[in-house]
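Below is one structure; the comments refer to it alone.
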């Protein structure tokens with residue numbers, strides 16, 4: 001199935017480059033937005049599978065635009081694209097419901113992979129952003145010695161935090177993909193998390209796993 005993408009960036013040349021590169025890789029560009037407010041409007045009109053959202057945009061910044069897109073069209077995934085490794089922005093983006101976090105020096109293949117994984121319900125965090133996320137969650141309160149999830153669930157979540165997909169986790173732990181998903185469902189319940197990103201953040205805060 002062809003993945004439909006909404007490009008949201010105020011730099012026309014970047015949008016044009018992304019359009020060409022993604023179309024060459026089989027993606028369909030549903031629409032293009034030059035600011036955050038337009039991104040929200042076009043997401044509602046075109047209901048793409050995923051929005052590739054710049055963080056710094058006029059009228060409405062990418063994080064607030066992401067929050068509004070997710071509220072209005074929760075089935076639409078959002079992958080953030082940023083020039084800045086700012087822990088506050090990462091934290092805000094997590095709360096807004098973004099499914100991916102990339103810096104603009106990543107390759108187009110990394111962008112394509114992040115969009116694909118986001119549509120599959122998975123999360124991709126750029127290594128550049130992982131370090132800043134760790135700094136942010138370390139400021140949160142929590143008992144680092146509290147045992148909340150099982151050892152196997154800890155192994156699953158650590159691999160997810162390291163950027164592995166569900167099939168990769170299954171292969172590494174010699175278990176089925178269904179078992180991985182069952183472990184994730186249990187983790188979400190125990191950590192009161194709505195998705196993988198939130199589960200990773202809370203597990204890091206509790207000292208259960210770590211971000212390299």
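The values are calculated or read from the model by the stated rules, or taken from the named source; none is laboratory data. Small disclaimer: the values here were computed from a predicted structure and weren't measured. Every residue, glycine among them, receives a Cβ derived from its backbone with ideal geometry; neighbour counts consider all protein chains shown.
A few notes on this one:
- Here residue 198 fulfils each of the conditions (1) at pLDDT below 90; (2) in a loop (DSSP other than H, G, I, E, B) apart from (2).
- Some residue of the range 180-191 being outside the structural domain of residue 124 (by TED's automatic domain parsing), surrounded by 17 or more Cβ atoms within 10 Å (Cβ to Cβ), outside any loop (DSSP other than H, G, I, E, B) and free of Cβ contacts under 8 Å to residues at least 12 places away in the same chain: no
To keep it simple, each residue is scored yes or no on (1) at pLDDT below 80; (2) within 18 Å of residue 22 (Cβ to Cβ); (3) under 11 Å from the mean Cα position of the chain (by Cα); (4) surrounded by 21 or more Cβ atoms within 10 Å (Cβ to Cβ).
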| site | (1), (2), (3), (4) |
| --- | --- |
| 99 | no, yes, yes, yes |
| 102 | no, yes, yes, yes |
| 107 | no, yes, no, no |
| 114 | no, yes, yes, yes |
| 118 | no, yes, yes, yes |
| 128 | yes, no, no, no |
| 133 | yes, no, no, yes |
| 138 | yes, no, no, no |
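- Per this entry, residue 19 is counted among residues that are without any contact (Cβ under 8 Å) to a residue 24 or more places away in the chain and over 15 Å from residue 125 (Cβ atoms).
- Of the residues making up the range 83-97, those that are closer than 18 Å to residue 50 by Cβ and at pLDDT below 85 are 93, 94.
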